[in-house]
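Below you'll find the structure, written out as structure tokens, and then a few comments.
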Amino acid sequence: SPKRQRSDPPAAGLADGGFAVTEPANGRVMQVHRDEEPSILADGFVQPRGIAVDLDGSLVVADACADKLYRVFAGGAKGAIAGTGLTGCADGRAGAAELAQPIAVARTAGGIAFLDAASSSLRLLTDSGTVRTAIGGNLDRAGLIDGAAESAALHRPMDLAILESGSVAIVATGNHRL
């Protein structure tokens, strides 16, 4: 079976053998290690959902209700890496881009792929620090249109996986499709 990185359930493997998991209702990221009680790695989120490990071993967390992506380091320090905090679909430099309920994240060859639930879109935070929309991106338009990325449409995307080939698999619950 193809290797893939999952973003939901919201957990990610840590370099030390443990794993990190988001707790949306409590606004925090927990770390869990064998034979130890879970502990808080980072808190102060509004509703952290998706989580993925980046190339440097840090975690990328999608905070759905804050409309931002955050980076969390091993010691628990965190900082926003994309999103203004205003709901929208504007692409551009990471700090000026508008996000619309980022719900799932996964590392790709070119950056961090993420799903915006409210705009029914697949977006990419590139390694050069730019957010661009690959599929969807309209708060008033969702649907089911197969085809090339520029004409495809999703409805309520909730999860994604990066396949070994580099392709992106998306679970769109509004379409009942993968």
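The values are calculated or read from the model by the stated rules, or taken from the named source; none is laboratory data. Remember, predicted model here, so these are calculated numbers, not experimental data. Neighbour counts run over all protein chains shown; Cβ positions are idealised from the backbone, glycine included. For accessibility, only protein heavy atoms count, side chains too; no ligands or nucleic acids. Shrake-Rupley method; radii C 1.70, N 1.55, O 1.52, S 1.80 Å.
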Enumerate the pairs (first residue in the stretch 100-113 and within 12 Å of Gly166 (Cβ to Cβ); second residue anywhere and assigned to a strand (DSSP E or B) and polar (S, T, N, Q)) with beta-carbon separation below 8 Å, excluding pairs fewer than 6 apart on the same chain, so at least 6 apart or on different chains.
Ala106/Gln5; Arg107/Gln5; Gly110/Thr126
Looking at the structure I just gave you, is Ala97 surrounded by 20 or more Cβ atoms within 10 Å (Cβ to Cβ) and part of a loop (DSSP other than H, G, I, E, B)?
yes
Taking the stretch 127-139 as the region of interest, how many residues are open to solvent by less than 30 Å² (accessible area, probe 1.4 Å) and modelled with pLDDT of 95 or more?
2
State whether the residues of the stretch 23-40 include one that is open to solvent by 40 Å² or more (accessible area, probe 1.4 Å), among the β-branched types (Val, Ile, Thr) and either more than 23 Å from Ala109 (Cα to Cα) or at pLDDT 90 or above (or both).
yes
Within the stretch 41-83, how many residues are outside any loop (DSSP other than H, G, I, E, B), open to solvent by 10 Å² or more (accessible area, probe 1.4 Å) and of a type in the set (Val, Ile, Thr)?
2
Can you tell me which of (1) modelled with pLDDT under 90; (2) under 22 Å from Ile170 (Cβ atoms) is the one Ile51 doesn't meet?
(1)
